[in-house]
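Novice: One structure is given below, represented as structure tokens, and several questions about it will come after.
The values are calculated or read from the model by the stated rules, or taken from the named source; none is laboratory data. Remember, it's a predicted structure, so these values are computed and weren't measured experimentally. Backbone-built Cβ (ideal geometry, glycine too); neighbour counts: all protein chains shown. These accessible areas exclude ligands, DNA and RNA; they are computed on the full protein's heavy atoms, side chains included. Shrake-Rupley method; radii C 1.70, N 1.55, O 1.52, S 1.80 Å.
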Amino acid sequence: VICARGTWNEDRSAFSWKFGSYFEVGPDKATSGCCEPSITSLGGDRLSMTTRCQGGAPQGLYSTRYSSASEDGGMTWSDPEPLLYDDGSPVWTPASVSAFYDSSKTGKAYWIGNILDGPVHGQVPRYPLNFAEFDPGRRCLVKASVRLIQDRPEGAHEHVRYTNFGWYEDR
């Protein structure tokens, strides 16, 4: 994953781009690196990011979201660490997309994604879809705040996917 910062040129006809350093998750943590970053502001130039990372049974790696922080607006990133709950336990996810949402109503940040009861090695199941409060100071999810958005309905195919979603705030 790489972040870029764009600034308008003097006559506002084009952007000038500055690229930061790569954020990488090595093969000791994920079978195919990382992708699909979700980024939220921690205030000022501070950012927090989670990335989709797939595991693999032969390698003994579970899928998860790796987390990182930037103090300089995304130009450099801290070493990857698994996304955790506020009690230090892992947030189990398949290799799937997620998003941060900053509520103008509560002033809090939330994370939306597939949260599972236990680890998986791949991209499924992609249900249930949940959201949880994100603690920006500790860069973790508040476990007691996890709420269900959508689970697999009775009779639905086992590979139903609640992912690649959109969201909006109803003010």
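Novice: Determine how large the accessible area of ILE112 is when every protein chain is in place; take a 1.4 Å probe and give Å² rounded to the nearest 10.
Specialist: Accessible surface of ILE112 is approximately 20 Å².
Novice: Further, regarding this structure: Using a 1.4 Å probe and ignoring any ligands, DNA or RNA, find the accessible area of LYS18 and quote it in Å² to the nearest 10.
Specialist: Counting only protein heavy atoms, LYS18 exposes about 120 Å² to solvent.
Novice: Ordering ARG139, ARG147, ARG171 by how much accessible area each has at a 1.4 Å probe, largest first, what is the list?
Specialist: Values: ARG139 55, ARG147 120, ARG171 205 Å².
Accessible-area ranking of ARG139, ARG147, ARG171, largest first: ARG171, ARG147, ARG139.
Novice: Keeping the other protein chains in place, figure out the carbon and sulfur percent of the accessible area of the range 105-145, with a 1.4 Å probe. Don't skip to the answer; put the middle values down first.
Specialist: Working: 1000 of 1840 Å².
Carbon and sulfur atoms account for 54 percent of the accessible area of the range 105-145.
Novice: Determine how many Å³ per residue the convex hull of the Cα atoms of the range 46-132 encloses.
Specialist: 111
Novice: Can you give the accessible area per residue of the range 49-171, in Å², using a 1.4 Å probe? Mind dumping the intermediate values first?
Specialist: On the way: 6320 Å² over 123 residues.
That works out to 51 Å² per residue.
Novice: Provide Rg over Rh for the chain; use the alpha carbon set for both Rg and the Kirkwood Rh (inverse mean inverse pair distance).
Specialist: A ratio of 1.00.
Novice: Using only protein heavy atoms and a 1.4 Å probe, report how much of ARG65 is accessible, in Å² to the nearest 10.
Specialist: Accessible surface of ARG65 is approximately 0 Å².
Novice: From the residues LEU83, PHE23, THR7, which one has its Cα farthest along the dipole of the chain in the positive direction, the dipole being from +1 and -1 charges on Cβ of Lys/Arg and Asp/Glu about the Cα centre?
Specialist: Looking along the dipole axis, the top candidate is THR7.
Novice: Oh, and also: Among the lysines, select those whose C-alpha is under 29 Å from the C-alpha of LYS29, and discard any that sit fewer than 8 residues away in the same chain.
Specialist: Leaving aside lysines fewer than 8 places away in the same chain, those within reach of LYS29 are LYS18, LYS143.
Novice: Ignoring ligands, DNA and RNA, how do GLU158, GLU24, GLU36 rank by accessible area with a 1.4 Å probe, largest first? Write out the running numbers ahead of the final one.
Specialist: Numbers: GLU158 110, GLU24 135, GLU36 65 Å².
Reading off the accessible areas and sorting them downward yields GLU24, GLU158, GLU36.
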